[in-house]
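Take a look at the structure below.
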Amino acid sequence: MHVEAAADSKSEERPSTATATEEDLKVWDADFVKIDQATLFDLILAANYLNIKGLLDLTCQTVTDMIMNKTSEEFRKTLNIKNDHSPEEEEEARRENQWAFG
């Protein structure tokens, strides 16, 4: 009886191998995508061309995380996108899409 109780308590104290490995992979993935934008975009193109779904998902999620909850100005700055709209065009877009800027 005591042997079974000891075995049960040991298994409760220690995370399963699958969980530890899953956490290790998450850490590795996070470190892997800490790269410059040009390399990240090249990885997205390569993963798409080679049909590597896991890599494509990881790299696209990284870009999504980079731009999530940002204003259009912050979005352009983050992705080095030139603003080709005049101030008048931007104001018109804000008026027409006021629901999105609320």
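The values are calculated or read from the model by the stated rules, or taken from the named source; none is laboratory data. All of these numbers come straight from a predicted model, not from anything done at the bench. As a convention, Cβ positions derive from the backbone with ideal geometry for all residues, glycine included, and neighbour counts pool all protein chains shown.
Determine which member of the set Thr64, Thr39 is in a helix (DSSP H, G or I), exposed (fewer than 10 other Cβ atoms within 10 Å of the Cβ) and at pLDDT 90 or above.
Values: Thr39 fails: exposed (fewer than 10 other Cβ atoms within 10 Å of the Cβ).
None of the other options fit; the residue is Thr64.
Which one of these does Lys26 not meet: (1) farther than 16 Å from Thr78 by Cα; (2) touching a Ser or Thr at 6+ places or on another chain (Cβ under 9 Å)?
(2) is the only condition that Lys26 fails.
Answer yes or no as to whether Ile52 is without any contact (Cβ under 8 Å) to a residue 40 or more places away in the chain, of a type in the set (Val, Ile, Thr) and out of contact with any Cys (no Cβ under 8 Å at 6 or more places or on another chain). If you could, list the steps in order and put the result at the bottom.
Numbers: without any contact (Cβ under 8 Å) to a residue 40 or more places away in the chain: yes; of a type in the set (Val, Ile, Thr): yes; out of contact with any Cys (no Cβ under 8 Å at 6 or more places or on another chain): yes.
When the stated conditions are applied, Ile52 passes them.
May I ask you to say which residue of Ala47, Ala30 is at pLDDT 95 or above, hydrophobic (A, V, I, L, M, F, W, C) and surrounded by fewer than 12 Cβ atoms within 10 Å (Cβ to Cβ)? Even if it seems obvious, please write down each step before you answer.
Working: Ala47 fails: surrounded by fewer than 12 Cβ atoms within 10 Å (Cβ to Cβ).
Result: Ala30 is the single residue among Ala47, Ala30 that is at pLDDT 95 or above, hydrophobic (A, V, I, L, M, F, W, C) and surrounded by fewer than 12 Cβ atoms within 10 Å (Cβ to Cβ).
Taking only pairs six or more apart or across chains, which ones have beta-carbon atoms under 6 Å, a first residue in region 25-48 that is more than 17 Å from Asp65 (Cβ to Cβ), and a second residue that is surrounded by 13 or more Cβ atoms within 10 Å (Cβ to Cβ) and at pLDDT 95 or above?
Asn48/Leu56
Which residues, taken from region 67-101, are loosely packed, with under 12 Cβ neighbours inside 10 Å, under 30 Å from Asp31 (Cα atoms) and of a type outside the set (Asp, Glu)?
Met68, Asn69, Thr71, Asn80, Ile81, Lys82
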